[in-house]
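To start, the structure under review is shown below, and the notes come after it.
Each reported figure results from applying straightforward, stated rules to the coordinates on display, with no laboratory input. Nothing here was measured: the structure is a model prediction, and the numbers come from that model. Quick reminder, even Gly has a Cβ in these numbers, built from the backbone with ideal geometry, and neighbours come from all protein chains shown.
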């Protein structure tokens with residue numbers, strides 16, 4: 001019986017001690033704010049898509065795939081990849097092959113692209129420019145995003161130093177830096193301003209390329225620059241002062 005009473009007394013004492021400490025506990029004081037940074041992503045290459053249509057007979061079936069690839073490489077030297085390939089048969093019984101090739105092409109190789117496509121075409125094989133897209137590559141975007149994160153870390157440290165200098169003796173620290181979503185790209189035209197008209201004109205260029213018209217390279221390059229904006233929520237925290245006396 002005495003042992004049970006002693007155990008109960010110990011449990012009660014521990015419970016009261018824990019409750020007292022819980023009352024004394026105070027969460028960290030925190031300062032929460034958002035930081036934003038922007039950077040430019042530029043590219044000197046374009047993602048070019050070529051469409052190749054070929055009429056295939058039993059005599060050319062064995063070599064047509066190689067002929068299509070050679071014609072594309074003769075048109076522009078690049079690391080061309082086949083992104084789609086379809087086979088069908090027309091009403092005359094001839095087999096039709098349709099393929100799309102894609103590669104990043106330097107800007108200085110884009111002049112006269114449609115003329116090169118016409119010259120590389122021949123009887124039984126037609127090459128057209130389906131699209132010219134100046135969207136930056138994944139590597140270029142990631143490099144810009146890394147630079148933005150570094151910039152935000154520096155800004156957060158500057159804010160931390162300012163806060164500790166203003167409120168002496170608190171020793172605030174960076175508790176967290178949460179990046180809010182993915183960086184938002186903003187297409188930019190000439191003069192460094194976003195212009196919806198330029199976006200419309202660039203889309204018209206891509207459409208004219210797909211239809212086989214000659215392109216205006218100055219218009220096609222209007223969207224080769226993008227501005228990325230990255231925002232992060234920063235929390236600076238410091239232990240809350242504990243009351244010097246207890247009740």
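Can you sort 51, 240, 91 from fewest to most other Cβ atoms within 10 Å of each residue's own Cβ?
91, 240, 51
For a Förster distance of 30 Å, can you work out the FRET efficiency between the beta-carbons of residue 70 and residue 139, rounded to the nearest 0.05?
Numbers: r = 29 Å, r/R0 = 0.96.
About 0.55, to the nearest 0.05.
Let's test the formula: R0 of 22 Å, r as the Cβ-Cβ distance of residue 30 and residue 229. What FRET efficiency results, to the nearest 0.05?
My answer for the efficiency is 0.30.
Kindly give Rg over Rh for segment 24-167, based on alpha-carbon atoms, with the Kirkwood expression for the hydrodynamic radius.
Values: Rg = 26.4 Å, Rh = 19.5 Å.
When Rh is taken as the Kirkwood radius, the ratio is 1.36.
What FRET efficiency comes out for the pair residue 149/residue 55, r = Cβ-Cβ distance, R0 = 41 Å, nearest 0.05? Write down the numbers at each step before the final one.
Working: r = 53 Å, r/R0 = 1.29.
The calculated FRET efficiency here is 0.20.
Using the count of nearby Cβ atoms within 10 Å as a rough guide to exposure, how do 231, 166 rank from fewest to most? Each step should come with its number before you reach the end.
Numbers: 231 17, 166 9.
Final ranking by Cβ density, sparse to dense: 166, 231.
Is the shape of segment 48-133 best called rounded, prolate or oblate, per the rule: a/c under 1.5 gives rounded, else a/b larger than b/c gives prolate, else oblate, with a ≥ b ≥ c the square roots of the Cα gyration tensor eigenvalues? Don't jump to the answer; show the numbers that get you there.
Working: a/c = 2.13, a/b = 2.00, b/c = 1.06.
It is prolate, given that a/c is not under 1.5 and a/b is the larger ratio.
Run the numbers for residue 119 and residue 100: contour at 0.36 nm per residue of separation, minus the present Cα-Cα distance, in nm.
Details: separation 19, 0.36 × 19 = 6.84 nm, distance 1.78 nm.
Length difference between fully extended and current span is 5.1 nm.
Quick one: order 82, 48, 32 by neighbouring beta-carbon count within 10 Å, fewest to most. Please report the intermediate quantities before stating the final value.
Numbers: 82 14, 48 23, 32 11.
If I rank by nearby Cβ atoms, fewest first, I get 32, 82, 48.
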